1. Give me the distance between the Cα centres of the range 570-594 and the range 156-192, rounded to whole Å.
2. Given a 1.4 Å probe and heavy atoms of the protein chains only, how would you sort 397, 231, largest accessible area at the top?
3. Summing +1 for each Lys or Arg and -1 for each Asp or Glu, what net charge is found among the other residues whose Cβ lies under 15 Å from the Cβ of residue 95?
4. Compute, for residue 190, the solvent-accessible surface of its heavy atoms (probe 1.4 Å) with the complete set of protein chains present, and express it in square angstrom to the nearest 10.
5. In the range 228-377, carbon and sulfur make up what percent of the accessible area (probe 1.4 Å)?
6. Once you list every other residue whose beta carbon is under 13 Å from the beta carbon of residue 174, what net charge do they have if Lys and Arg are +1 and Asp and Glu are -1?
7. Per DSSP H run of n ≥ 4, the term is -39500 (n - 2.57); total these for the chain, divide by its residue number, and report the mean residue ellipticity at 222 nm rounded to 500 deg cm²/dmol.
8. Just checking my list (i) -0.28, -0.83; (ii) -0.38, -0.96; (iii) -0.50, -1.11 against log10 I(q)/I(0) by the Debye sum over Cα atoms at q = 0.06, 0.10 Å⁻¹ computed from this structure; which label fits?
Amino acid sequence: MNYNKAIYTLFFVFSIFYSKAQKSPELNKYQLKYPKENQVEIENTTVLEISLKGAKVNIVEKFYSEKIYLNSTAKYQSKESLHYSYFYKIDKIEASSINYIDGKYKEFKVTEFKEKDEFGSVAFHDDSKSINFYYSGLDIGSKTKLSYNTTIKNPRFLGAYYFGDFLPIENFNLKIIADKNIAMNFIKMYTDTVKFKFTHTKKGNKNIYEWNHQNIKSYPNNSEAVNHKYRIPHIIPHIKYYVNGNDTTYILNSTKDLYKWYKSLTTETNTKPCDNEIKVLVDSLTKNCTSNLQKAKNIYYWTQQNIKYVAFENGLGGFIPRDANDVFKKKYGDCKDNSSLLEQMLKEAGIEGHLTWIGTRKIPYKYDQVYTPIVDNHMILTFFDNNKPYFLDATGRFLDIELPSSFIQGKEALIAIDNENYKIIEVPTVDNKTNYIKENIDLSIDSNNVLIGKADRTYSGYEKTNIFNRLDNVKDNKGLKEFYRKKLQKGNNNFLLDSFKETNKYEYDKEFSVDYSFNLKNYINKNGNNIYVNLNLNPYDITAVKATPPIKGAIDYTHQFYGEFNTKLTIPKGYEIEYLPENISVSNNLIDAEISYKKEENTIIYTHKVITKFLMVSVEEQKQINKLIEKIQRNFKEVVVLKQI
């Protein structure tokens, strides 16, 4: 054996291990400061330069970031992607990984950047592109540097700048340099909790605005929580107007400017005569109608059923509705296209529809607060009947005309009236009593102690819409029975669905119901002369809205809810009631719930009611809900005791 060679090999392996195991002073510093974090952004700097070239506004955003990785998850951070679209151009990209080797940092520049189209999902197509690259050799203690420039082609499309992220930021710097003839405004969102330094200086013909903030803790990255726009403090800069000689050009000085720009993008839509096929269809849909509301219903429901939702975001095509004739021929379109078709079909029926811009509930802004394109992300059509607005969104399925899409409840709608005038109306939140599940169950116990049940369950509002959307994906009778077996399951896994019958399936204006029968073995407990049975059979109860600890942010629910579950048990012959659990009722400003028992002739009637009164709940409100739920949850295990006479 060659001992010299063996010793050399061991020394070489040890040297590699030792060099990788060494910690830089920076790594030690940040591991101590942020023991629970995977990475830290040491610097986040953006410089936004806004200048005038004649009557044209030029905007370039220069970005720089430096990060350090604190544990072994570094190796999973190697891939980086930069996204852009028609309105943004990215160039001058520089990226490096900086790895700690032999007691010092060594920089490895990225040399290969690959561009690709991002086509989105099956139902979403846009002009998004990405530039993709990899950092080499990332390990514990490695750092990365990234810088690039973005040219913003439209002066209305300045973004938001966040004083925080899902990782800690040591130093945050934002500088906006604007020509003195450009009037800027800065909208502050949730910044009252942030102690940043702001300065405004003038240098030559430039206004310089700067924000600096240090030691920013990470924000919880909770998929259940509301959108980060609600949680992370940020500012939204926008250009109000600019002066060129004696001319003043307004960009976004008010909501009216935003509206006028939106409306200008629709002036070429539906300028051609309506195709004959559309006229014939509208006539057939409305010929027996006695009111405009009925005409609008028939047209709206037809559009939901027959025009497939496919989103297109291609340059200004993401803002301009396509011609109704084209949408009708293709039988698909995005939210703007569906609204365009609805507008034209209603017009053929002698009804005026109004194109309407609106933000979903992922966006927290109001139009008089944020009058830039980031205030909204959706288009619908508004129809007025006796001054009552109806908010028509044909991108959905099975939406009753009385129901707006659930994701626009409580949001402001910007409704086009004419080229100059508009209305802003808040979409109502649908009352919990509209969104209900009601169920009645008749139970009996056979000679083999099997629980026999006959029941009817009724759905309305968003609960009906939700189950219709799920049923629409069921392909055959076998799948349908399995769907209801899971949906209607009672008690335990021995639940057997014997039969079911649907009434008003896919009907828009009627409640939907399912009548069914079942049997449940090994559920009743018989001990000596006593029978023990738990009448809380439903898998749905108040715990469906319980927040799972740890609570990391506000939660947004799709809709308010009303549930009423009534169970009637026929007392077997030769038995009487030994014990009925106590009734319980709990309530606060967010939720009501009750459980009650009563004897009626030879039956026991159990009732469980749940009413939710919220859409979005804060962390503190979730704690209140959880406390109330825990109070009533114990009663779900209570049993009725029957004794033999």
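1. 56 Å
2. Descending accessible area places them as 397, 231.
3. On the way: positive: 62, 67, 79, 92, 109, 114, 143, 145; negative: 41, 43, 66, 80, 91, 94, 107, 112, 115.
Every neighbour counted, the sum reads -1.
4. Estimated to the nearest 10 Å², residue 190 gives 80 Å².
5. Numbers: 2830 of 6390 Å².
Using a 1.4 Å probe with all protein chains present, the range 228-377 comes out at 44 percent carbon and sulfur.
6. Working: positive: 62, 175, 188, 197; negative: 43, 49, 61, 210.
Neighbourhood net charge equals 0.
7. After summing the helix terms and dividing by the residues of the chain, the value is -6000 deg cm²/dmol.
8. Matching the structure shown: (iii).
The values are calculated or read from the model by the stated rules, or taken from the named source; none is laboratory data. Here the structure is a predicted model, which means the values were calculated and not measured. Because the Cβ atoms are built from the backbone with ideal geometry, glycine has one as well, and the counts that use them run over all protein chains shown. With ligands, DNA and RNA removed, areas are computed over all heavy atoms of the protein, side chains included. Shrake-Rupley method; radii C 1.70, N 1.55, O 1.52, S 1.80 Å.
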